[in-house]
């Protein structure tokens, strides 16, 4: 950093509010594709994912997904989002 640059960010980032669970995209990025649902459950089933209803284990989400094989990451993410819905993610209580 040069002496002319400010120490603070140019844009206010707001207060840090903790959110429980990992983004679905982060969990999906740890896998290689194509992949069977049972293999995803074995590898990442214990991962806690952020959902509009609060954090849930991927294993519990996969129980409500009808697909058994995912050709691509995008297909997997779409099926999971169909199962849990989309919307604001609740923040953790401090």
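The values are calculated or read from the model by the stated rules, or taken from the named source; none is laboratory data. Just so you know, these numbers come straight off a predicted model, no measurement behind them. Reconstructed Cβ throughout: ideal geometry from the backbone, glycine too, with neighbour counts over all protein chains shown.
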* Asked: Which of the residues belonging to the range 17-51 are under 17 Å from residue 88 (Cβ atoms), modelled with pLDDT of 90 or more and surrounded by fewer than 12 Cβ atoms within 10 Å (Cβ to Cβ)?
  -> 25
* **Failed item, numbered, when residue 61 is tested on (1) surrounded by 15 or more Cβ atoms within 10 Å (Cβ to Cβ); (2) farther than 22 Å from residue 20 by Cβ** => (2)
* Out of 28, 83, report the one residue that is touching a helix residue (DSSP H, G or I) at 6+ places or on another chain (Cβ under 7 Å), in contact (Cβ under 8 Å) with a residue 24 or more places away in the chain and in a helix (DSSP H, G or I). => 28
